[in-house]
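Reading through the structure tokens given below for one structure.
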Amino acid sequence: MVKALVAALDERVRQAMTTALGVAAQRVDPLIRPSDHADFQANGVLPLAKSLKADPRQLAAKVAQALAADELITSCEVAGPGFLNLTVADSAISTQVAARLGDPRLGVPPADTDNVAVIDYSQPNIAKEMHVGHLRSTVIGDALVRLLEFTGTKVIRQNHLGDWGTQFGMLIQYLVEHPELRAHAEGESGSEAISRLNALYRDSRARFDNDPEFADRARRRVVALQAGDRETLEGWREIVAESKVYFEDVYDRLRVLLVDEDAVGESFYNPFLTEVAEDLERRGIAVRSDGALCVFFDDVLGPDGNPVPLIVQKSDGGFGYAATDLAAIRYRVQTLGANRILYVVDSRQALHFKMVFETARRAGYLPGAVEAVHVAFGSVLGPDGKPFKTRAGDTVRLISLLNEAVEHARRTVEAKNPSLDPALLPRRADEVGIGAVKYADLSTSRTRDYIFDLDRMVSLNGNTSVYLQYAHARIRSILRKLPADAANAGVHARLELAPAERRLAMLLDQFGATTQAVVESLEPHRLCGYLYAVAQAFTDFYESCPVLKAPSEAVRDNRVALCRLTGDTLRLGLESLGIAAPEQL
RNA sequence: GCCCCCAUAGCUCAGCGGAUAGAGCAGGUGCCUUCUAAGCACUUGGUCGCAGGUUCGAGUCCUGCUGGGGGCACCA
């Protein structure tokens, strides 16, 4: 594993500060940052000068003196109020490239191997179509899973399906009364499954609204379901199974990692709900209020000024989702062994999670050492800035959105690259179109509302997945054209680097720090920004540094190495976001 | 009324407490006998919502205000 340049500089400057300024400097962060004025700058002298009541420029000069030029640092100059501008040796940069080259992890060590993260995302509802609202949770969650795994965290995916509730009474009752609807074709496609479910939902709803006797039977069916009646459960299982056929189709299409084993729906926690409620009530954490079992908080009040509770158990004895969430926390901590629990859920649920987490803390279900985070994201809005709806005012089906994106991508790929083998076109259109949708979602900061503008995201310009895929494809194209013996040549570290070469190489060196920052902040858009910067730096390099026609074999070897490492960085980065990196566009 | 999120170029958005605030789109001017022009170079465009504060240093942190979005008792 390779130490990044920033880390090496941190060590060297820290040392020099201690040498020059004594023990007072020992614990001071040298604050090494990439710089516009040099390769890096160290800002750490300024705060130190303040605490020593000394002239920062003088202190900086002493540190600069202690930093004798070596194989890492070629120059160190005092600038501004007391910055240290650091210039790094070309050979050190090339050595970094050589050290990362060919490693599947690009030389980045897995840093978080002791952590177990449970991540709860996607959460579609059984018997219902997935819509744009599920897009962000699914896509962001998937990216976080991949990045957490990359940093060494053990990740347990949990798809908290909405697979329980009163609406099932209606569906199951209708199914029982119309056995012909139960015909379930073997090898049914996802779209067939969801259209059957849609029809079932539509027809049973209509019947429920228009036929009071049916409505009564449906209500009794809810009771039967909760009581575990065999015939009723059978109908429920059928509906769940059919929904999963559809979900897996969508997940497959979206290229996310979720599989059936990750589906742990609300119903899974049913056996624990009574126990949780009793536990909370017995210990006085929850109290009865208007017949409901409630947890109150000093700082949660309604519009009337009265406290608003988290309702663990409804006055009719039924359980709401608060009870399920509490049982889930207990399970995730005690059984799954999580020390980090992430909920990738719409930001509108903020208050709910605040109350659930607080309750779980009081109850000890969430020990102090375990972190629970609501990874909130903003709403998906239409181009008009209002909640995204079809012209008819309906929610937009996720799958129609994806179809549209892929179709758009297909037309573009066809137009831009007529030489592409037509047999490859559908797959390429899929990789480009789905990637564009996912990237558009991931590249904007999570907490903000997000305007879904298909034209923009598949416009294939600027900070989009296609720009990254294009840069990657260009690299692969160069590497394919290389003479066989040149593909794996080493790095000549003593060769001087062109400006575009060193900028690119130094950026590549930050991959590990970037993934680490994403995993800590849970903000995938930082990785997007980084990859975009890499792609831009590569394009700059591409314009000014010919590879196949390099002035010498040694220069070509170095450029090949840069191409390989850039390509691998882009591919690993895109894959970490759940986006394909085709060899060719 | 209370709580959460947001406010940066005409538009959509970046910007880990560091020096002159950046992209893309839109507008203007150039660049394909040369590794993919899905690209590049140059150019036009800013009281970082307002007011205080912390700091050697604030778009970034804190407080208040204004404006926008969302949430706040038995639906999930």
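Structure above, values below:
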{"item": "Packing rank of A:388-394, A:124-130, where each peptide gets the mean count of other beta carbons within 10 Å, highest leading", "result": "A:124-130, A:388-394"}
{"item": "As computed over the range A:515-585, the Cα convex hull volume per residue (Å³)", "result": "93"}
{"item": "Proximal charge balance of A:Val458 [Cβ under 14 Å; K/R count +1, D/E count -1]", "result": "-2"}
{"item": "Contour minus Cα-Cα distance for A:Asn339 and A:Arg27 (0.36 nm per residue)", "result": "109.4 nm"}
{"item": "Degrees, to the nearest 10: A:212-227 long Cα axis against longest axis of chain A", "result": "60"}
{"item": "Trypsin sites (Lys or Arg not before Pro) within the range A:449-549: DSSP coil, no more than 13 neighbouring Cβ in 10 Å", "result": "A:Lys481, A:Arg494, A:Lys549"}
{"item": "Dipole in debye (nearest 20) - the range A:112-230, about Cα centre, beta carbon charges: Lys, Arg +1; Asp, Glu -1", "result": "220"}
{"item": "Scattering curve values for the range A:398-576, log₁₀ I(q)/I(0), Debye with Cα scatterers, q = 0.10, 0.11, 0.12, 0.15 Å⁻¹", "result": "-0.44, -0.53, -0.63, -0.92"}
{"item": "For chain A, with +1 on Lys and Arg beta carbons and -1 on Asp and Glu, the positive-most of A:Leu171, A:Gly265, A:His37 along the dipole", "result": "A:His37"}
{"item": "Distance (nanometres) between label positions extended 7 Å along Cα→Cβ at A:Ala215 and A:Asn461", "result": "5.5"}
{"item": "Leading residue at positive end of dipole, chain A (Cβ point charges), from A:Leu9, A:Ser552, A:Asn85", "result": "A:Asn85"}
{"item": "Filter on A:Lys416/A:Lys438; A:Lys154/A:Lys389; A:Lys128/A:Lys416 - keep pairs with C-alpha separation over 32 Å", "result": "A:Lys154/A:Lys389; A:Lys128/A:Lys416"}
{"item": "Distance from the range A:144-215 to the range A:227-287 (C-alpha centre basis), Å", "result": "12"}
{"item": "Label point distance in nm, A:Thr166-A:Glu278, each placed 7 Å from Cα along Cα→Cβ", "result": "2.6"}
{"item": "Cβ-based charge dipole, the range A:297-350, positive-most Cα from A:Pro307, A:Phe319, A:Val344", "result": "A:Val344"}
{"item": "Potential lengthening between A:Arg427 and A:Ser477 on full extension [0.36 nm per residue; Cα-Cα distance subtracted]", "result": "16.1 nm"}
{"item": "Å³ per residue enclosed by the Cα convex hull of the range A:5-88", "result": "72"}
{"item": "Chain A: antiparallel DSSP beta bridges as a percent of all, rounded to 5", "result": "55"}
{"item": "Candidates per GluC sites (Glu not before Pro) in the range A:271-363, loop by DSSP, up to 11 other Cβ within 10 Å", "result": "none"}
{"item": "The range A:73-129-the range A:493-561 distance, computed between alpha-carbon centres (Å)", "result": "13"}
{"item": "Value of relative contact order over chain A, rounded to a whole percent, pairs C-alpha under 8 Å and six or more apart", "result": "15"}
{"item": "Gyration tensor verdict on the range A:170-233 (Cα atoms; rounded if a/c is under 1.5, prolate if a/b is larger than b/c, oblate otherwise)", "result": "oblate"}
{"item": "Extension gain (nm, one decimal) between A:Glu248 and A:Lys549, 0.36 nm per residue minus Cα-Cα", "result": "103.6 nm"}
{"item": "Whether chain A is rounded, prolate or oblate, judged on the alpha carbon gyration tensor where a/c under 1.5 counts as rounded", "result": "oblate"}
{"item": "Environment charge at A:Glu188 (Cβ cut-off 13 Å; Lys +1, Arg +1, Asp -1, Glu -1)", "result": "-3"}
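Each reported figure results from applying straightforward, stated rules to the coordinates on display, with no laboratory input. All figures in this text were calculated on a predicted structure; none of them were measured in a lab. Positions of Cβ are generated from backbone atoms using ideal geometry, with glycine treated the same way; all protein chains shown enter the neighbour counts.
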